[in-house]
Amino acid sequence: MPGELVLRIFNVEHGACAILCSPTEERIAMIDCGHNVTTGWQPSTFIRYRLNSTQLDYLFITNADQDHVSDLEGFWQHGVEVKALIRNGSPDAQVLRSMKEANGELTSDMERYLSIHAGYSAAIPVPFDMGMGGVTAPTFCNLHPAFTDTNNLSLAVFIKYGGFKMLFPGDLEDAGWKKLLEHPPFVQELANTDILVASHHGRSNGFCEDIFRHFTPRAAVISDKPIVHDTQETVPDYRDVVNPDGVIVANQTRRRHVLTTRRDGDIIFHVSANGAFRITTTNG
């Protein structure tokens, strides 16, 4: 009998990290690997010492920026083998290095990412859609040189299980969203998306009104640090475009339309094989 997908969005402040434990409990996938600077929490140590695993089966990187890869080197330091990296292959490693170096000295995490990006060519031994117990992950992205910034070259990842669907769009900005909307398969995949993870950590330049002509999410999730900039004040924008019924959070007392890691802490989705889901948070 199919089991439950557990999808946990971690509170990594201005960063991104989510983990998926397959319904069969055989494999682990992660979307981005940002860490929490304030608490010191790291996805690499979570996998190695909390889950007692020395293997991460699938790692999606939605954006080649530091806040999405800030613990990538940590997997090597703590003896966790990353079996498969899924990312936008455009541009090639040399061009991407030039793009990143234009913004300053590269971190060890970014050097690791560029090294993998340059050397990655082999097929994934067990493709995600075959290895995650019924969970599938269609991906879409824009290509270089149509865009020359990493935000609009983000990898948009749909996580699907049963009738449930969640979209992780990386840091897409308005122009990147609109370019993807030119592709019918992307537009078709938007339909019936239940949960939208707000692009660019909920910053205003990641909000694209046009996408909501094609779907109405039941709720939005923002992964970001406490508000210090006007560009973070987008909760009302997302509240206006989600389903008025919102969602129920099991350990809270009222209906929610926008969940944020700065308020709710970690946000955990428990998804059954028929697509029904239950939400809990680490902050009540």
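The values are calculated or read from the model by the stated rules, or taken from the named source; none is laboratory data. Since the model is a prediction, treat every value here as computed from it, not as a measurement. Note that we place each Cβ from the backbone using ideal geometry, even for glycine, and neighbour counts take in every protein chain shown. Ligands, DNA and RNA are stripped out before the accessible areas are found, and what is left, the full protein with its side chains, is counted by its heavy atoms. Shrake-Rupley method; radii C 1.70, N 1.55, O 1.52, S 1.80 Å.
Counting only protein chains, not ligands or nucleic acids, how are Ile31, Ile124 ordered by accessible area (probe 1.4 Å), most first? Numbers along the way, then the final one.
Numbers: Ile31 5, Ile124 45 Å².
Accessible-area ranking of Ile31, Ile124, largest first: Ile124, Ile31.
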| request: Springs between alpha-carbon atoms under 10 Å, Gaussian network over the chain: tell me which of Arg239, Arg213, Arg262 tops the mean-square fluctuations. | output: Arg213
| message | Compute the distance from the alpha-carbon center of segment 165-198 to that of segment 1-65, in whole Å. | response | 22 Å
| task | Keeping all protein chains in position, work out how much accessible area Thr253 exposes to a 1.4 Å probe, and write it in Å² to the nearest 10. | result | 140 Å²
| task | Please give every one of the lysines within straight-line cross-link reach of Lys160, meaning a C-alpha to C-alpha distance under 26 Å, and leave out same-chain neighbours fewer than 8 residues apart. | result | Lys83, Lys178, Lys179
| query | Once you wrap a convex hull around the alpha carbon atoms of segment 42-90, what is its projected area averaged over all directions, in nm²? | reply | 3.3 nm²
| When the distances between all Cα atoms of segment 50-205 are binned every 5 Å from zero, what whole-number percent does each bin get? | 2, 8, 17, 21, 21, 18, 10, 4, 1
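Using the Kirkwood formula on the Cα atoms of segment 225-272, what hydrodynamic radius do you get, in angstrom to one decimal?
For segment 225-272, inverting the mean 1/r across all distinct Cα pairs yields 12.3 Å.
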| query | In whole percent, how big is the carbon plus sulfur part of the accessible area of the chain, probe 1.4 Å, protein atoms only? | reply | 48 percent
| remark: By accessible area (1.4 Å), largest first, Ser44, Ser90 order as Ser90, Ser44
| remark: Regression test value, accessible area per residue of segment 48-106, probe 1.4 Å, units Å², expected 47 Å²
| remark: Largest first and rounded to whole Å, the semi-axes √(5λ) derived from the alpha carbon gyration tensor of segment 162-202 read 18, 15, 5
| segment 178-267: radius of gyration and largest Cα-Cα distance (Dmax), Å | 13.4, 41
| remark: Candidate cut points under GluC sites (Glu not before Pro) in segment 177-259, DSSP loop plus at most 13 other Cβ atoms within 10 Å of their own Cβ, are Glu182, Glu233
| said: Per residue of segment 142-156, what does 6.51 cos²θ - 1.76 cosθ + 1.60 with θ = phi - 60° give for ³J(HN,Hα)? Whole Hz please, x for Gly and Pro, Karplus curve as stated. | reply: 7, 10, 7, x, 4, 10, 10, 10, 5, 4, 7, 9, 4, 8, 8
| request: Please give the solvent-accessible surface of His144 in Å², to the nearest 10, using a probe radius of 1.4 Å with every protein chain present. | output: 60 Å²
| Where only protein heavy atoms count, and the probe is 1.4 Å, what is the accessible area per residue for segment 148-281 in Å²? | 40 Å²
| segment 127-236 - Kirkwood radius from inverse mean 1/r over Cα pairs (Å) | 14.5 Å
